[in-house]
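Have a look at the structure below before the remarks.
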Amino acid sequence: MAVEFALVAPLFLLMLGGIIEFGQAFRIQHALSTAARHGARSAVTAGATNSSVTQKVRNSCVHALGVASSDVTVVIAINDNLSGSLSNAVEGDSIAVTVSIRYSKAGVGFFADSFADSTLSSTCTLEHE
């Protein structure tokens, strides 16, 4: 019995660690998706500014993931123009909010360092109202 356990336990523990890591990646991706949706919804309303939307997205990620605000990258594109200003956006403009974070900053656990170079991101695109 001990021999069988010694053979099966490492594989079982490796599989269990993978399941836990996948769950963390899913949790992080869901938080990024939610933050991008909140940011895009905020960006399409009248009076929105790039800095206010960026701060809203970062605050959402800090709250959901417990990461530093500086670890979160936010990109706002207006009609695929990355240097556009939300204050100049007009009705019908396509506004995309992309939020990303390196997995090693948000993930903890067995394999977080193995995926240190991986970046998770999410984008939400809405039309300006």
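Leaving ligands, DNA and RNA out of it, work out the accessible area of residue 102 with a 1.4 Å probe and give it in Å² to the nearest 10.
Answer for residue 102: close to 110 Å² accessible.
How long are the semi-axes of the ellipsoid equivalent to the chain, from square roots of 5 times the Cα gyration tensor eigenvalues, in whole Å, largest first?
For the chain, the ellipsoid semi-axes come out as 40, 12, 11 Å.
Could you compute the FRET efficiency for residue 118 and residue 8, with r as their C-beta to C-beta distance and R0 at 35 Å, rounded to 0.05?
Given R0 = 35 Å and the Cβ-Cβ separation, E is 0.75.
In what sequence, largest accessible area first, do 124, 61 appear using a 1.4 Å probe?
Putting 124, 61 in descending order of accessible area: 124, 61.
Could you work out how much longer the chain between residue 104 and residue 90 gets when fully extended? Use 0.36 nm per residue separation minus the Cα distance between them, nm to one decimal.
1.2 nm
Mind checking the per residue accessible area of the chain for me, 1.4 Å probe, whole number of Å²?
60 Å²
Please report, as a whole percent, how much of the solvent-accessible surface of the chain comes from carbon and sulfur atoms (probe radius 1.4 Å).
For the chain, the apolar C and S fraction of the accessible surface comes to 61 percent.
Over the chain, what is the relative contact order in percent, taking alpha-carbon pairs closer than 8 angstrom and at least six residues apart?
29 percent
Can you work out ³J(HN,Hα) from phi for every residue in the range 91-99, in order, using Karplus 6.51 cos²θ - 1.76 cosθ + 1.60 and θ = phi - 60°, giving whole Hz and x for Gly and Pro?
Calculated HN-Hα couplings, in order: 4, x, 5, 8, 10, 10, 10, 10, 10 Hz.
The values are calculated or read from the model by the stated rules, or taken from the named source; none is laboratory data. Quick caveat: nothing in here was measured; it's all calculated off a predicted structure. Positions of Cβ are backbone-derived with ideal geometry, glycine not excepted, and every protein chain shown enters the neighbour counts. Note: accessible area is taken over every heavy atom of the protein model, side chains too, but ligands, DNA and RNA are not part of it. Shrake-Rupley method; radii C 1.70, N 1.55, O 1.52, S 1.80 Å.
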